[in-house]
Number of protein chains: 4
Amino acid sequence: MAKERGATAVLLISCPDQTGLVANVTQFIHANNGNIVHLDEHVDMQTRTFLMRLEWEIEGFWIPRERVADKFGPIAERFAMQWRLCFSDGPQRMAVFVSKQSHCLHDILSHTSSGEWNVELPLIVSNHPDLESVARRFGIEYHCIPVEQDARAQAESRQLALLEQHRIDLVVLARYMQVLSDDFVSRYPNRIINIHHSFLPAFPGAKPYHGAYERGVKLIGATSHYATAELDGGPIIEQDVARIGDKDSVDDLVRKGKDLEKVVLSRAIWSHLEHQVLVYGRRTVVFR
Amino acid sequence: MAKERGATAVLLISCPDQTGLVANVTQFIHANNGNIVHLDEHVDMQTRTFLMRLEWEIEGFWIPRERVADKFGPIAERFAMQWRLCFSDGPQRMAVFVSKQSHCLHDILSHTSSGEWNVELPLIVSNHPDLESVARRFGIEYHCIPVEQDARAQAESRQLALLEQHRIDLVVLARYMQVLSDDFVSRYPNRIINIHHSFLPAFPGAKPYHGAYERGVKLIGATSHYATAELDGGPIIEQDVARIGDKDSVDDLVRKGKDLEKVVLSRAIWSHLEHQVLVYGRRTVVFR
Amino acid sequence: MAKERGATAVLLISCPDQTGLVANVTQFIHANNGNIVHLDEHVDMQTRTFLMRLEWEIEGFWIPRERVADKFGPIAERFAMQWRLCFSDGPQRMAVFVSKQSHCLHDILSHTSSGEWNVELPLIVSNHPDLESVARRFGIEYHCIPVEQDARAQAESRQLALLEQHRIDLVVLARYMQVLSDDFVSRYPNRIINIHHSFLPAFPGAKPYHGAYERGVKLIGATSHYATAELDGGPIIEQDVARIGDKDSVDDLVRKGKDLEKVVLSRAIWSHLEHQVLVYGRRTVVFR
Amino acid sequence: MAKERGATAVLLISCPDQTGLVANVTQFIHANNGNIVHLDEHVDMQTRTFLMRLEWEIEGFWIPRERVADKFGPIAERFAMQWRLCFSDGPQRMAVFVSKQSHCLHDILSHTSSGEWNVELPLIVSNHPDLESVARRFGIEYHCIPVEQDARAQAESRQLALLEQHRIDLVVLARYMQVLSDDFVSRYPNRIINIHHSFLPAFPGAKPYHGAYERGVKLIGATSHYATAELDGGPIIEQDVARIGDKDSVDDLVRKGKDLEKVVLSRAIWSHLEHQVLVYGRRTVVFR
């Protein structure tokens, strides 16, 4: 969406459908002199669930931003809304977890270092030392925390301390090949984005490109989703596929897949940063 | 969008942006007991133009459908809106114009004869006799009206008489290889859908597949747009492309292009029938 | 590939790799005055398997077509080749099996009735009476053979008799929602083409669009494959996907999926008819 | 194609078609104990032009690599072939030209620094100082050579000297927004790869995303081609498109386009490095 504008506020809402929802919410904005620049509302008719994203300009809005949540609270309560309020202007703070492969990390750094994303990236964490030189090139703190078979809890507590210390809002698993504990995941609900190198639910788990080769599929895929306790089972934010050739070896699939993974992951990060993603059961609605 | 619902009304609105637009419109629906099932609103920041599609359930709405326009009029006037009101339940009446190629016509007939589209198709017009047998198979009136070099006006007046007689709402040019006069087009503004066999604006005019072959492009395209006085220049409703092979001949492009053309055209027809298309300058916003 | 040519012969070969394979085969063609118009050869380095498709012009070739197999036999034997010899000019005979949905059948009829495919379609078989009117429109024999829970064998023997009687080369399962027995399948090895309405191996079996909706995927798929004893497990000929919207209901997925299914199936049929498909283990190489 | 193999030699051939071409070439390889791993041959029937790519293993081949061209010469002469001989194992030397935008450069550096491409990148040239820090991070020489309105010749002679000094095989214009002279281009025939940010031939020249926005297209594209004297007119190596939203502003197109440009450019570079590209008139055949 366009950037030829000032800062905006975003409301993401889901609740049981009933008449008057849109009217009440927009009336709240209008009565306080807000100008709505995007409103996208949709009722899931199978479950009669109301889903909405609303974005309005902060400038001229009569309620100061720190009081908006308080003022909106009664409306939310009246309609039993699950809701989230965000502002477009504050840079979010992101940490990236990697293992040995650099393609997703490089793509993220390309976006952050050029200023395209409104984000700060102070921290890279890995279970291997391989990508330290990449972090150093870009002047970013790199912590190598090996994850031993029986000492995941210990590793995770070090990781969590770093996240807290750096006041991280968003964790990106950029081909970090480790499974996170339920406890870790529950600390950052819908704030940990993973990339899986297949078109889920096909080929979950390890070695999806080998699986794709053996099954003889004609397209490979990549899936970016929020991490949950269920491996490769979280709400999907973005997916895409690429056509492969029948003469391609597994190595070719891996190579072509890298270009796909990085693009899919970066698109998912963008949607998250723009507050476009509404998680809803095991699904997401991405309001573009 | 879902069909697990009763009939709905749709409002498509564009106007200069100002605060209160959404609130006023949704208040109008709410005050008359309407339940909004989809609302998609967006401000084009470059021109500060407000664009909205609003859909609500008719059942329970206190204003009878024949009076909605009257009642909404004052709001529209106050905000200088261009607007259109449609209802989802009445079948629209469609005419199809063809020349000699049958693939788009067959695809349309596949959709209409299976009842997938809420549409009546009483009339097929052609400048050639070739496809009369297709029309006869499906029990549809077929009129062969040759278009002579210097007698287009005569041919068009016969065509217009047929459209009127059959109370046609929508004309589909399904690879009808003739140019329509400005006068003809102006009688059905944004109600004539054409399919052009290229990714416009590349390769306008005749023989686009030959052009694509000679230029050595790696993808071919198809474009469905509303017909206007400018050849291949009307507002685009839908476009898509297909990858071709470097060994493909022009004949291969033609063959692969057919599958693309028919799908792109049918998608554009669907969007039109669902009242999703808002024409806005030379562009469209298709609210899906 | 181009049609600006006379009839051609096609050899499809797979065997363990060794030096001299291409030289020996092309020498055989050349020594008998054959002009090769396409040759595509590839060694699968993981299994050191040689895979080749060779196409040459019949006109001027010194060996009459009925003797080519005999003459080529010794070369094939010497290199332990699995091979198939086909000619481009004879129309193949195709039967289509359907249930209640017409979209794939209509798309096939669009291709056959326009003469685009070099094929004869004398027979449509269904377990339901619903599509008889479609068959009648196009003047094709329609047999309704219900498949009762405990009498599949009986139904299949009637079906097989029809296939034999009509000298069918290729059976197309155009959304025929029944599982065929191993015995049936083994009678037409790599000559039964099925369309499954998902991106296999995701969502095999029944109701894939419901599965796709529940999992919240962002793309739906379709897969055309040769039928084997394993349900939805045969060698894949063609696959494709389409992006869906987050607001789409299951009904929308079904509707969008239909356009995808028919196109994927028709592409697979085309590749088969053009003798482009080499089955090789559980995979195919489609030489385009 | 697979990398589970030793070094290979590649022959790319085009010539007027006649019988015996494949047999003669493959006989040459076979007689000298070469093992062919890929052979892809095709006759363009419209111009009766023979096009072939042949790849064989060097190990065990009886002719030493420096003598292959000499030995093959007589065959080439006899059939009036245009041909090129390449070897897979030597790293090629690449220079990258940029202006101010970093996304394509970053993507190239991601591939080169991870060792994915068999290439050396000793030189980055720009008409602006902006990306010097990027070059420095990766330890690559950066030369800022401003291109003044009336002094292009001077700038180019400095650039050419650098290319020579670094023994550059391939020049990549990674969003280098300057037009090169015919003289410059003719020094590196089919060895200068450009990326244009549109689906050519649509929107050539400056500001293609503005053009796309104004025309209201539904997809944006990117085209990678060899630079020739004709601006945006050289033989296309790779193209792709991405779907945009009707609510996207020009800024959104620019942002989405960047991800497309870098991927299309990197794919084209890969095909060039793998000796897959045969230029043939104004077209290319990319043998994958």
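The values are calculated or read from the model by the stated rules, or taken from the named source; none is laboratory data. Source: prediction; values computed, not measured. With ideal geometry, Cβ positions are generated from the backbone for all residues, glycine too; neighbour counts draw on all protein chains shown. Areas reflect the complete protein model, heavy atoms only, side chains present, ligands, DNA and RNA absent. Shrake-Rupley method; radii C 1.70, N 1.55, O 1.52, S 1.80 Å.
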(message) I'd like the FRET efficiency for B:Lys100 and A:Arg167, computed as 1/(1 + (r/R0)^6) with the beta carbon distance as r and R0 of 56 Å, rounded to 0.05.
(response) 0.25
(request) Can you bin region C:87-188 into rounded, prolate or oblate? Criterion: square roots of the alpha carbon gyration tensor eigenvalues sorted a ≥ b ≥ c, rounded for a/c under 1.5, prolate for a/b above b/c, oblate for the rest. (result) oblate
(request) Could you work out which residue, out of A:Pro146, A:Pro235, A:Pro64, moves most in a Gaussian network model of chain A, that is, has the largest mean-square fluctuation with Cα springs under 10 Å? (result) A:Pro64
(message) Just to confirm the filter: which chymotrypsin sites (Phe, Trp or Tyr not before Pro) across region B:42-139 are DSSP coil and have at most 14 other Cβ within 10 angstrom of their Cβ?
(response) B:Trp62
(request) Show the residues, 5+ positions off or on another chain, whose built amide H is closer than 5 Å to the amide H of A:Asp17. (result) A:Thr49, A:Phe50
(request) Name the longest site-free stretch of chain C, where the excluded sites are GluC sites (Glu not before Pro) in a DSSP loop with no more than 12 other beta-carbon atoms within 10 Å. (result) C:60-147
(message) Of the candidates B:Arg175, B:Arg191, B:Arg152, which one comes out as most mobile in a Gaussian network treatment of chain B with C-alpha springs shorter than 10 Å?
(response) B:Arg152
(message) Could you derive backbone 3J(HN,Hα) for region C:238-247 from the dihedral phi with the Karplus parameters 6.51, -1.76 and 1.60 (θ = phi - 60°), listing whole Hz in sequence and x where the residue is Gly or Pro?
(response) 8, 9, 7, 9, 9, 6, 10, x, 5, 8
(request) Please report the relative contact order for region B:1-118, taking Cα pairs under 8 Å with a sequence separation of at least 6, and give it as a percent rounded to a whole number. (result) 33 percent
(message) To confirm my reading of the symmetry, which residue of chain D has the Cβ nearest the axis that brings D onto A, and what whole-Å distance does it have?
(response) D:Arg137, 2
(request) Let me know the charge dipole size of the protein assembly as shown about its Cα centre in debye, to the nearest 20, where only the beta-carbon of Lys, Arg (+1) and Asp, Glu (-1) is charged. (result) 0 debye
(request) Within a 10 angstrom radius of each residue's Cβ in D:242-250, how many Cβ atoms of other chains show up on average? Whole number is fine. (result) 6
(message) Which one, A:His30, A:His196, A:His225, has the greatest fluctuation when you compute a Gaussian network model over chain A with C-alpha springs under 10 angstrom?
(response) A:His30
(request) Any chance you could check the Cα centroid distance between region A:186-235 and region D:191-239 for me, in angstrom? (result) 34 Å
(request) Quantify how strongly other chains surround peptide A:137-143 by giving the mean number of their Cβ atoms within 10 Å of each of its Cβ atoms. (result) 1
(request) Would you kindly derive the ³J(HN,Hα) couplings of region C:223-237 from the backbone phi angles with the Karplus curve 6.51 cos²θ - 1.76 cosθ + 1.60 (θ = phi - 60°), listing them in order in whole Hz, with x for Gly and Pro? (result) 9, 10, 8, 6, 6, 10, 4, 8, 4, 6, x, x, x, 7, 9
(request) Just report the Cα centroid separation between region C:134-175 and region A:69-136, whole Å. (result) 58 Å
(request) Give me a single rounded figure for A:26-35: the average over its residues of other chain Cβ atoms within 10 Å of their Cβ. (result) 5
(request) Put a label point 7 Å from Cα along the Cβ direction on D:Asp70, then list its distances to the equivalent points in the other copies in nm, shortest first. (result) 4.9, 9.1, 10.0
(message) How charged is the neighbourhood of B:Arg215? Take every other residue with its Cβ under 9 Å from the Cβ of B:Arg215, and add Lys/Arg as +1 and Asp/Glu as -1.
(response) +1
(request) Assign one of three labels to region B:92-286, namely rounded, prolate or oblate, based on the Cα gyration tensor with a ≥ b ≥ c the square roots of its eigenvalues; rounded applies when a/c is under 1.5, prolate when it is not and a/b is larger than b/c, and oblate otherwise. (result) rounded
(request) Determine the relative contact order of region C:147-288: mean sequence separation of Cα pairs under 8 Å and six or more apart, normalised by residue count, in whole percent. (result) 19 percent
(request) In nm, give the distance between the simple-model label positions of A:Ser157 and B:Asn33, each being 7 Å from the Cα along the Cα-to-Cβ direction. (result) 6.3 nm
(request) Using a 1.4 angstrom probe on the protein heavy atoms only, line up A:Cys144, D:Cys104 by accessible area, largest first. (result) A:Cys144, D:Cys104
(request) Among DSSP beta bridges lying fully in region A:73-214, give the percent that are antiparallel, nearest 5. (result) 0 percent
(request) In nm to one decimal, list the spacings between the C:Gln18 label point and its equivalents in the other copies, with label points set 7 Å along Cα to Cβ, shortest first. (result) 3.4, 8.1, 8.8
(request) Give the relative contact order (percent, whole number) for chain C; include only Cα pairs under 8 Å separated by 6+ residues. (result) 15 percent
(request) Would you mind counting up the charge near D:Ala153? Only other residues with Cβ under 13 Å from its Cβ, with Lys and Arg at +1 and Asp and Glu at -1. (result) -3
(request) Report the accessible surface area buried between chains C and B, summing both sides, using a 1.4 Å probe on protein heavy atoms only, in Å² rounded to the nearest 100. (result) 2400 Å²
(request) Express in whole angstrom the spacing between the alpha-carbon centres of region D:1-66 and region A:21-60. (result) 64 Å
(request) Provide B:Asp251, A:Asp169 ordered by accessible surface of protein heavy atoms (probe 1.4 Å), highest first. (result) B:Asp251, A:Asp169
(request) List the distances, in nm and shortest first, from the label point of A:Glu116 to the matching label points in every other copy, placing each point 7 Å from Cα along the Cα-to-Cβ direction. (result) 1.5, 3.6, 3.8
(message) Less than 22 Å apart at the alpha-carbon level, and either on another chain or at least 8 residues along: which lysines does that give for C:Lys262?
(response) A:Lys218, B:Lys256, B:Lys258, B:Lys262, C:Lys100, C:Lys207, C:Lys218
(message) Could you report chain B's accessible area per residue, 1.4 Å probe, as an integer in Å²?
(response) 37 Å²
